[in-house]
Amino acid sequence: MRALRGVRSWWVDAVALVVAVVVFVVPFLFILVTAGKERAEASQLAFTWPTDWRLFENIGEVIGARNDLMITAMRNSILLTVASVTIIVLLSAMVGYVLHRRRDRLGALVAALMLAGLVIPPAIVPTIYVLQAIGLFKTIPGLVLVEVAFLMPFSVLIFRTFVSAIPRELDEAAIIDGATPVTLFLRVILPLLRPAIITVVVVQSIAVYNDFVNPLYFLPGTENATVQLTLFNFQSQFNTQWNLLFADVLLITIPPMIMFIFFQRQLASGLTAGAVKG
């Protein structure tokens, strides 16, 4: 019986490994080998080894295209990601803490609005009108507000789940010792939310960095380009430079991949803890 269970477990692991290789490894290898080809060879879109390996030359051409637009786009994306994720973490942690501790109609209403933010799709045109009215359309601060508004409901849900695992007795003890509400949150509650903070930082950083639609609608203009919008540099209706396009994809994939590799253990533990401690 144990041998039969062992065989079944081995087959399940083997199938999962094959699926992971097909879904994740094979596409990445295709991007890598295509990015290293010459233009004519890459246009065939064949999964073959390059005749003349030109990966670094193609990456250099991608970086220098359109007066070093990739450098500007990388700077804008990093600024957008850091600002958005910082605000999301601070606001979501505070809102999640208050929503769990506060049991009244106002708290229930805010929780319902946060849940609606996960279900209701964003409205592009009204959002553009609002940004134009406050003078933030076509600006990075305006897009930061958009990213915060769109991504905050999910983050609040994560922080609220983690706060439910923190006993109220800690709040009462801190208040008895003379802690103000701000001191209570910053010195007692926030350090205990470290797994949730890492989870939100990793997930939302990748989401903001890889966002294509919001910069396209709310941040037009070459000087405001983000890394995802640089893909337009090498494709058009009648002409596409596949080798440079895949080199661009490879280049903009490296930062989130490095971030995931370094924080995958903390991310897995954070999501697991949030799922168990309900």
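Among the residues that make up the stretch 74-90, is at least one of them surrounded by fewer than 17 Cβ atoms within 10 Å (Cβ to Cβ), farther than 18 Å from Pro141 by Cβ and modelled with pLDDT of 90 or more? Among the residues of the stretch 74-90, not one is surrounded by fewer than 17 Cβ atoms within 10 Å (Cβ to Cβ), farther than 18 Å from Pro141 by Cβ and modelled with pLDDT of 90 or more, which makes the answer no.
Does Pro215 count as open to solvent by less than 70 Å² (accessible area, probe 1.4 Å), touching a Ser or Thr at 6+ places or on another chain (Cβ under 7 Å) and farther than 15 Å from Glu61 by Cα?
yes
Looking only at residues in the stretch 126-142 that are open to solvent by less than 50 Å² (accessible area, probe 1.4 Å) and over 22 Å from the mean Cα position of the chain (by Cα), the one that is farthest from Leu79 (Cα to Cα) is Ile128. Take the residues in the stretch 47-73 that are over 14 Å from Val249 (Cα atoms) and among the acidic types (Asp, Glu); name whichever of them is most open to solvent (accessible area, probe 1.4 Å). In this case the residue turns out to be Glu57. Taken over the stretch 178-201, the criterion of being over 25 Å from Val110 (Cα atoms) and crowded, with 18+ Cβ neighbours inside 10 Å is satisfied by no residue.
Considering (1) at pLDDT below 90; (2) open to solvent by 40 Å² or more (accessible area, probe 1.4 Å); (3) within 26 Å of Val144 (Cα to Cα), the lone condition that Gly278 does not fulfil carries the number (3).
One line per residue, one yes/no per condition, for (1) touching a residue at least 40 places away in the same chain (Cβ under 8 Å); (2) basic (Lys, Arg); (3) under 15 Å from Phe159 (Cα atoms); (4) in contact with a Lys or Arg (Cβ under 6 Å, 6 or more places away or on another chain):
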residue	(1), (2), (3), (4)
Asn76	yes, no, no, no
Ser92	yes, no, yes, no
Arg103	no, yes, no, no
Ala116	no, no, no, no
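State all residues of the stretch 143-177 that are among the aliphatic types (A, V, I, L, M), surrounded by fewer than 18 Cβ atoms within 10 Å (Cβ to Cβ) and assigned to a helix (DSSP H, G or I); if no residue qualifies, say none.
Ala149, Leu170, Ala173, Ile175, Ile176 - these are the residues of the stretch 143-177 that are among the aliphatic types (A, V, I, L, M), surrounded by fewer than 18 Cβ atoms within 10 Å (Cβ to Cβ) and assigned to a helix (DSSP H, G or I).
Within the stretch 91-114, being of a type in the set (Gly, Ala, Ser) and either within 22 Å of Leu143 (Cα to Cα) or open to solvent by 40 Å² or more (accessible area, probe 1.4 Å) (or both) holds for Ser92, Ala93, Ala108, Ala112. Answer yes or no as to whether Arg66 is modelled with pLDDT under 90, among the basic types (Lys, Arg), within 19 Å of Phe212 (Cβ to Cβ) and out of contact with any Asp or Glu (no Cβ under 6 Å at 6 or more places or on another chain). Judged against the criteria, Arg66 is a match. Taking the stretch 105-141 as the range and being closer than 20 Å to Ser92 by Cβ and not in a helix (DSSP H, G or I) as the test, the residues that pass are Ile120, Pro122. Within the bounds of the stretch 78-91, is there any residue that is out of contact with any Asp or Glu (no Cβ under 7 Å at 6 or more places or on another chain) and in a loop (DSSP other than H, G, I, E, B)? Within the stretch 78-91 (the criterion being out of contact with any Asp or Glu (no Cβ under 7 Å at 6 or more places or on another chain) and in a loop (DSSP other than H, G, I, E, B)), the answer is no, since none of the residues qualifies.
Residues in the stretch 115-125 that are among the β-branched types (Val, Ile, Thr) and open to solvent by less than 90 Å² (accessible area, probe 1.4 Å): Ile124, Val125.
The values are calculated or read from the model by the stated rules, or taken from the named source; none is laboratory data. Bear in mind the structure is a predicted one, so any value in this text is a computation, not a measurement. Virtual Cβ from ideal backbone geometry, glycine too; neighbours counted across all protein chains shown. Accessible surface is based on the protein model in full, side chains and every heavy atom, while ligands, DNA and RNA are left aside. Shrake-Rupley method; radii C 1.70, N 1.55, O 1.52, S 1.80 Å.
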